[in-house]
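What follows draws every value from the coordinates through simple rules; no lab data is involved. Remember, predicted model here, so these are calculated numbers, not experimental data. Neighbour counts are summed over all protein chains in view; Cβ atoms, including those assigned to glycine, are modelled from backbone coordinates with ideal geometry.
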Amino acid sequence: MVVDIRDEVAKYYDYWPPPFDDITFYKGHIPSSDAVVLELGCGTGRVLVPLASCCGYIHGLDCSEAMLAICQQKLKRAGISEDKAKIETADMTSFDLGRRFDLIIAPYRVFQNLETEVEIDGLFQCVRKHLSLKGSCILNVFNPNMSPDELRLEWAKGREKFHGEVFIDGRQITYHDRWAKMDPEKLILYPELIFRTYEGDVLKHEEILKVPMRCYYPNEFDKLIVKLGFKVIHRWGGYANEPYGQGEELVIQFIDGECA
Ligand SMILES: C[S@@+](CC[C@H](N)C(=O)[O-])C[C@H]1O[C@@H](n2cnc3c(N)ncnc32)[C@H](O)[C@@H]1O
């Protein structure tokens, strides 16, 4: 049985959305109002739910049942029927939906959760199998914005950073991340996302999500996609038209090179 590492923490996800508007960006890249879209790692539906009204159909997959349960509630609340949007539990490195999509996306750095070459190859093979003839895929990672040596030095500090707090039913929930460990060769970061619940000054419980985040530099990310037989058609440095390599994010849109 696969353990859902987000089982206890999925409920916190929507309290701290990303610090950029990628939803408008993805809406703007839906090729037509009847396009069929696939979101890999759709999580709680932060992107999937608002996109559902801008395309013909959107399919979401995620390995976390806890995240998907929240997404399902949102779809229900929004009155979005199964002929407009459907979600399912699946591993984005190995799936076969038996249909093709005009746009495949994996918002908010989902791709960086893949640690191994086998997983990365698996994801690209699945993308190839599911792209329609004129379809494209958009992947995103963060831009490290410092050299590998600086990154190693920074992560060795093991710092913990406070990101914010919310008050729910008289309880305070705080969110922090700790730079727990790193693979210095492969440049894979292992942050711990920490959620603490307080009643008054008393810490009632603490939940920790440990996620791998594999780092990519601007040139490397681009080259990886090309090496796997795809053709890059657009690159951005963020969601507000920042030049590639000069912003906080690396965002690449590509098509299957064999169909180009
Ligand atoms: C940072 S969240 C992003 C969620 C959503 N895309 C968004 O933008 O809000 C990462 C999501 O990727 C999912 N994920 C990570 N590895 C996965 C895999 N191998 N297969 C499917 N989903 C995966 C996680 O369960 C989680 O819901």
Residue by residue through the range 29-49, note down the ones that are more than 16 Å from the chain's Cα centre (by Cα), within 20 Å of TRP236 (Cβ to Cβ) and not aliphatic (A, V, I, L, M). HIS29, PRO31
Sort out which residues of the range 139-155 are in contact (Cβ under 8 Å) with a residue 24 or more places away in the chain and under 14 Å from ILE188 (Cα atoms), and write them in order of number. VAL141, PHE142, ASN143, PRO144, PRO148, LEU151, ARG152, GLU154, TRP155
Taking GLY41, is it within 25 Å of LEU228 (Cβ to Cβ) and either surrounded by 19 or more Cβ atoms within 10 Å (Cβ to Cβ) or in contact with a Lys or Arg (Cβ under 8 Å, 6 or more places away or on another chain) (or both)? yes
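One line per residue, one yes/no per condition, for (1) crowded, with 17+ Cβ neighbours inside 10 Å; (2) more than 8 Å from the ligand (Cβ to nearest atom); (3) more than 26 Å from THR174 (Cβ to Cβ):
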{"position": "ARG6", "(1), (2), (3)": "yes, no, no"}
{"position": "GLY28", "(1), (2), (3)": "no, yes, yes"}
{"position": "PRO31", "(1), (2), (3)": "no, yes, yes"}
{"position": "VAL37", "(1), (2), (3)": "yes, yes, yes"}
{"position": "LEU48", "(1), (2), (3)": "yes, no, yes"}
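Quick one: count up the residues across the range 106-162 that are outside any strand (DSSP E or B) and more than 12 Å from the ligand (Cβ to nearest atom). It would help to see each step written out before you state the result.
Restricting attention to the range 106-162, the residues satisfying the condition of being outside any strand (DSSP E or B) are 106-130, 143-159.
Still in the running and more than 12 Å from the ligand (Cβ to nearest atom): 117, 121, 124-125, 127-130, 143-159.
Looking only at that region, the number is 25.
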For the range 161-182 the number of residues that are without any contact (Cβ under 8 Å) to a residue 60 or more places away in the chain and surrounded by 12 or more Cβ atoms within 10 Å (Cβ to Cβ) is 11
Among the residues of the range 92-105, is there at least one that is under 15 Å from the mean Cα position of the chain (by Cα) and among the small types (Gly, Ala, Ser)? no
Could we say that LYS11 is within 13 Å of the ligand (Cβ to nearest atom), among the basic types (Lys, Arg) and farther than 27 Å from GLY122 by Cβ here? yes
Within the range 237-246, of all residues that are without any contact (Cβ under 8 Å) to a residue 40 or more places away in the chain and not polar (S, T, N, Q), the one surrounded by the most Cβ atoms within 10 Å (Cβ to Cβ) is TYR244
Residue by residue through the range 71-92, note down the ones that are more than 27 Å from GLY122 (Cα to Cα) and either among the aliphatic types (A, V, I, L, M) or surrounded by 17 or more Cβ atoms within 10 Å (Cβ to Cβ) (or both). LYS74, LEU75, ALA78, ILE80
So which residues in the range 11-26 are buried (at least 20 other Cβ atoms within 10 Å of the Cβ) and more than 14 Å from the chain's Cα centre (by Cα), if there are any at all? PHE25
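When the residues of the range 96-107 are narrowed to those that are in contact (Cβ under 8 Å) with a residue 24 or more places away in the chain and surrounded by fewer than 18 Cβ atoms within 10 Å (Cβ to Cβ), which ends up nearest to PHE254 (Cα to Cα)?
Selected residue: ARG100.
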Identify the residue in the range 59-105 that is within 10 Å of the ligand (Cβ to nearest atom) and among the small types (Gly, Ala, Ser) and, among all such residues, is farthest from ILE138 (Cα to Cα). ALA66
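Consider the range 195-218. How many of its residues are part of a strand (DSSP E or B) and out of contact with any His (no Cβ under 9 Å at 6 or more places or on another chain)?
So in the range 195-218, the residues part of a strand (DSSP E or B) come out as 195-199, 202-210, 213-214.
From what's left, out of contact with any His (no Cβ under 9 Å at 6 or more places or on another chain): 198-199, 202-210, 213-214.
Selection size over the range 195-218: 13.
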